[in-house]
Amino acid sequence: MIRMGRSSRGEQSNEAENSQLDQQQQQQRSSNLGSLNPSVVSGQTTSRGAISESELIARDIKEGRLSGYVGSGTVLTGETNFQSMLRVDGHLTGRVTSEDGTLIVGSSGQIDANVMVAAAVINGTINGDVIATERVELGRMAHIMGNIYSPRLAVEDGALFEGVCSMIKAREAIQKRYNDAQAQTAESELTSLDSDEANETVNYIETRDEENEVPTEIASR
């Protein structure tokens with residue numbers, strides 16, 4: 001019985017020592033966590049080499065990958081024709097065309113125009129038809145009010161598209177738009193030529209009249 005009592009006391013003393021060690025270890029862990037960056041503790045790590053979006057855009061422009069940029073708060077009206085790549089974070093109205101270029105519309109970007117490009121990556125708003133010879137990508141923030149003609153279409157969850165999509169007739173629509181543009185250009189050139197010819201005829205008639213005019217004194221004799 002005495003041996004049993006002594007052994008139980010020994011076990012109690014061992015448990016007390018173990019609990020003290022556990023408390024010391026917990027305190028040490030807490031102090032180590034307190035010395036770490038709060039972003040690391042919360043699971044959010046930041047990279048010192050991270051590059052901001054504006055720096056990426058500036059680098060793309062410098063290296064020639066981005067041929068045009070419409071910044072946030074900028075409003076442009078008219079016909080836009082670009083090569084390589086155009087990014088729109090502002091407001092663009094009129095017409096956007098590029099034979100081989102890629103159009104990128106940021107989440108704050110808005111285009112009120114018909115678009116005819118090789119590829120379109122849209123995260124903003126487009127009020128108009130989108131014709132792409134290669135592909136169209138709609139991000140989760142995309143808002144399209146118009147028809148899409150493209151052989152390839154990718155849509156993320158959350159994108160809003162109100163219109164008709166045609167993949168088979170994409171090239172036909174592109175050819176039709178091209179023919180319409182050519183016809184419009186030819187018509188404007190013909191109108192300009194007709195106007196120039198009419199002006200030349202009027203000038204010729206006025207010149208002949210001046211040559212045939214007889215002075216008043218000679219006529220009286």
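The values are calculated or read from the model by the stated rules, or taken from the named source; none is laboratory data. Everything quoted here is computed from the prediction, not taken from an experiment. Cβ: placed from backbone, ideal geometry, glycine included. Neighbour counts: every protein chain shown.
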Every pair of residues 6+ apart whose Cβ atoms lie under 6 Å, when the first sits in the range 150-162 and is assigned to a loop (DSSP other than H, G, I, E, B) while the second is surrounded by 17 or more Cβ atoms within 10 Å (Cβ to Cβ): S150/A132; S150/V136; S150/A170; P151/A170; E156/G139; A159/L138; A159/A142
So for the range 78-99 (the condition being among the hydrophobic types (A, V, I, L, M, F, W, C) and in contact (Cβ under 8 Å) with a residue 40 or more places away in the chain), does at least one residue qualify? no
Could we say that R48 is at pLDDT below 90 and assigned to a helix (DSSP H, G or I) here? no
Top-ranked residue in the range 130-149 [being free of Cβ contacts under 8 Å to residues at least 24 places away in the same chain and more than 15 Å from I104 (Cα to Cα); ranked as surrounded by the most Cβ atoms within 10 Å (Cβ to Cβ)]: I148
Determine whether the range 187-198 contains at least one residue that is modelled with pLDDT of 65 or more, within 27 Å of the chain's Cα centre (by Cα) and aliphatic (A, V, I, L, M). no
